[in-house]
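Coordinate-derived values only; no laboratory data. Bear in mind that the values here come from a model prediction, so they are computed numbers and not experimental data. Counting neighbours? That spans all protein chains shown, and the Cβs are built from the backbone with ideal geometry, glycine included.
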Amino acid sequence: MSTPPVNPLDEVDRLVHEPARLKLIALLYMLEGADFTFLMSQTGMTWGNLSSHMTKLEEAGYLEVEKTFKGRRPNTMLKLTDQGRQAFQAYRKQMTQFFDEVSE
Amino acid sequence: MSEKINLKELQRKAWRSTFQDGLWDIFMGLLLLNIAIFTLADEYLANDDLQIILFIGGEVVVMLFLWTGKRFVTVPRIGKAKFGQFGKVRRSKVKLLSFASVLIGLIVFLIFEGLSEDGQIAGLSRVYIVAIGWVLNAMLMFGLAGYLLDFNRLYLIGAMYALAFPLDILIRELLQTDRWAFYTYAFPASIILAVGIIVFIRFLKKYPVIQEGV
């Protein structure tokens, strides 16, 4: 009995696959780091929305959060961890493979 | 998930957004306006030292404007990002360019000082040599900076800077007076300022102050 072919979409990382998080990860992938305000202004997300996605990514070990203070103002810098970068690279590979295999 | 994510374009868009607050435009317009004010000081103030102090004071005020504008108005609205090697390479090239521009300006100045009032090089009087040096320096410096930083408005700013000094010479020769010197620098400065102010206002509308927790 032959095993059914594995659909790349079945194995895709759903943490990365979610559109808002994908936008966030893709942006952070190309930057060394960014603060909360910059990510909000680039992605168009609200504070609450971004905070929620950040928490999920941080819990998964994909995101590193550095909290400092500039005077009295809190400043939160975010950057992808190596694990986060690898997860994004793997996701890109899977999606490229998927679209290469999909016929018109 | 058929939408292609062009990572390079994402990075460029993020980079370009850091120049879309209009402050750099206003800064460069004010620098040129400071030169215009210096021509007035040259006309109305007899004391050379006072003219220099006024000019340097103006430069300091303009730089303070840029710093405070970034610190208190625009960066709190758009945030900060670290661009890594992408940004470092561009900024290093622009620093090198600025250094080269200053060097060229110095060379042209030394040529000017080295020639007598009636002196010529290749049939060109010293004023025309300075004018050519000014135009080439401005166009090259701003053009290359605009290309390296992906900041397109620098091409317009470069053109306005390049226009100022030759316009001054032309008006002096046509009208046989230097009373219009202020306007020959203030006119291109005001164009740069107008564009900068428009960009700044659009920036303020597009990026309201972020309320944490909202």
| query | For segment A:57-94, how many residues are more than 13 Å from A:V16 (Cα to Cα), in contact with a strand residue (DSSP E or B) (Cβ under 7 Å, 6 or more places away or on another chain) and in a loop (DSSP other than H, G, I, E, B)? | reply | 1
| query | Considering only segment B:198-208, how many residues are away from every other protein chain (no Cβ under 14 Å) and in contact with an Asp or Glu (Cβ under 8 Å, 6 or more places away or on another chain)? | reply | 2
| message | Are there helices (runs of 4 or more DSSP H) fully within segment B:101-214 with at least 1 residues that are under 30 Å from A:S51 (Cβ atoms)? List them. | response | B:181-206
| request: State all residues of segment A:52-104 that are polar (S, T, N, Q) and either more than 14 Å from chain B (Cβ to nearest Cβ) or out of contact with any helix residue (DSSP H, G or I) (no Cβ under 6 Å at 6 or more places or on another chain) (or both); if no residue qualifies, say none. | output: A:S52, A:T55, A:T68, A:N75, A:T81, A:Q83, A:Q86, A:Q89, A:T96, A:S103
| remark: Pairing a residue in segment B:62-76 that is within 17 Å of B:D25 (Cβ to Cβ) with any residue that is of a type in the set (S, T, Y) and part of a helix (DSSP H, G or I), where Cβ atoms lie under 9 Å and the two sit 6 or more apart in sequence or on different chains, gives B:V75/A:T37
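Among B:I192, B:I198, B:I157, which is in contact (Cβ under 8 Å) with a residue 60 or more places away in the chain and out of contact with any helix residue (DSSP H, G or I) (no Cβ under 7 Å at 6 or more places or on another chain)?
B:I198
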| message | Show the residue pairs meeting these rules: Cβ distance below 9 Å; 6+ apart or different chains; first residue within segment A:8-35 and closer than 21 Å to A:M77 by Cβ and facing chain B (nearest Cβ under 7 Å); second residue acidic (D, E) and not in a helix (DSSP H, G or I). | response | A:G33/A:E64; A:G33/A:E66
| task | Name, by its number, the condition in (1) surrounded by 13 or more Cβ atoms within 10 Å (Cβ to Cβ); (2) in a loop (DSSP other than H, G, I, E, B) that does not hold for B:T39. | result | (2)
